[in-house]
1. With respect to ASP166, determine if the residue is at pLDDT 95 or above, surrounded by fewer than 18 Cβ atoms within 10 Å (Cβ to Cβ), farther than 11 Å from GLY278 by Cα and not basic (Lys, Arg).
2. Is one or more of the residues making up segment 185-205 closer than 28 Å to ALA270 by Cα, open to solvent by 40 Å² or more (accessible area, probe 1.4 Å) and part of a helix (DSSP H, G or I)?
3. Pick out the one residue from LEU228, LEU292 that is closer than 21 Å to ASP164 by Cα and open to solvent by 30 Å² or more (accessible area, probe 1.4 Å).
4. Please pick out the residue among PHE216, PHE177 that is of a type in the set (Phe, Trp, Tyr) and in contact with a Leu (Cβ under 7 Å, 6 or more places away or on another chain).
5. Restricting attention to segment 206-235, which residues are assigned to a loop (DSSP other than H, G, I, E, B), on the phi < 0 side of the Ramachandran plot and more than 18 Å from the chain's Cα centre (by Cα)?
6. Look at segment 280-293 and say how many of its residues are within 16 Å of LEU178 (Cβ to Cβ) and in a helix (DSSP H, G or I).
7. Which one of the conditions (1) open to solvent by 70 Å² or more (accessible area, probe 1.4 Å); (2) part of a strand (DSSP E or B); (3) under 18 Å from ALA265 (Cα atoms) does LEU86 fail to meet, given that it meets all the rest?
8. Are there any pairs with C-beta distances below 6 angstrom linking a residue in segment 130-155 that is in a helix (DSSP H, G or I) to a residue that is among the small types (Gly, Ala, Ser) and surrounded by 21 or more Cβ atoms within 10 Å (Cβ to Cβ), with the two at least 6 apart or on different chains, and if so which?
Amino acid sequence: MGGQDLRLGPDCGNDTSTMKRFFGNRQTTLAGEIALTGTGVHTGAPVSILLSPADPDTGITFVIPDGSDGEIEIPATSEAISNVTLCTVLSDGNGSNVATVEHLLAAVRGLGVDNIRIEIDSGEVPIMDGSSEPFVDAIDEAGLVTQDAPRRFIKVLKPVRVEDGDAWGELTPHDGFLVDVGIQFDTPLIGKQRIRVEVTPDSFRGELARARTFGFMKDVERLWAAGLALGAALDNTVAIGDDRVINPEGLRFADEFVRHKALDAVGDLALAGAPLLGAYRSHRGGHRLNSLMVKALLADRTAWTIEEAPRRREVMHADAGFGAIAANYAADHS
């Protein structure tokens, strides 16, 4: 699977060249294999994963052992979502699961990878440092190649809203992919926080990828008693005490908590099955709300369409923005 090398350089900001690079008209995959090891945050067990190039139009696929000599493939789609209590869990529908997929999915979608095969030797993606940064660094080191297939987007055509208790989320039309996330916690260490990011590879790297998962020390014993968070530690989780952050190094961002929630949203929305053209705003949400949002969008066939980039590169001025590119896409209403 040869193609043009898309290894990206330093952060260039959210200019039109960055937008065109992210929302390119060709699908991408890895330029080579990536092997990583780590620990499952809930099982506490060692995990090895292998990220490999995949053919055009195959999307993101998780591959786990079947218990004998075979393997089970679980496509990263909304139909596979089976649990969203503390993390996002995907299932094949027959009892085989892969958990904590959100940080890896965020890196894959945030960097614009369309097709990838993810082999895992257990049922949980390793937590790494609690963020997407280790996955981003590995993908950047391997590089991406373009493929001889047009990129397809899910374009939001009208507002779709979901409510879940005091949490709500809404997807609206937008020429790009924007996340606007707000959180509210009783502790003054977090309080109210909000972040709004136009997601491109550069903005994902700089604004979201390094934000780590977090938890409250008061919940640790309850989680351990339930057989969860057995691999949680200060090197992979921001631990919140009664009056301070426990981690000696402190926070990576003053608002790291909401940045991580936005990172989770990028990963969970990847389960729509294709890059989104839309703006997602959420309030007090999490994995459950994000999954409800994806399912609500896809359930309303009048709320979205598939847009496919032209097979031939359109001739346009170098300063043309993404809106001009989107206007040239041919909608597929099938």
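The values are calculated or read from the model by the stated rules, or taken from the named source; none is laboratory data. A quick note: this is a predicted structure, and the numbers were derived from the prediction, not measured. Note: ideal-geometry Cβ built from the backbone for every residue, glycine included; neighbour counts use all protein chains shown. For accessibility, only protein heavy atoms count, side chains too; no ligands or nucleic acids. Shrake-Rupley method; radii C 1.70, N 1.55, O 1.52, S 1.80 Å.
1. So ASP166 passes the test.
2. Yes: segment 185-205 contains one or more residues that are closer than 28 Å to ALA270 by Cα, open to solvent by 40 Å² or more (accessible area, probe 1.4 Å) and part of a helix (DSSP H, G or I).
3. Sole residue among the options that is closer than 21 Å to ASP164 by Cα and open to solvent by 30 Å² or more (accessible area, probe 1.4 Å): LEU292.
4. That would be PHE177, the only listed residue that is of a type in the set (Phe, Trp, Tyr) and in contact with a Leu (Cβ under 7 Å, 6 or more places away or on another chain).
5. Within segment 206-235, ALA226, LEU228, LEU230, GLY231, ALA232, ALA233, LEU234, ASP235 qualify.
6. 2
7. (2)
8. The qualifying pairs are GLU133/ALA209; PHE135/ALA107; VAL136/ALA107; VAL136/ALA209.
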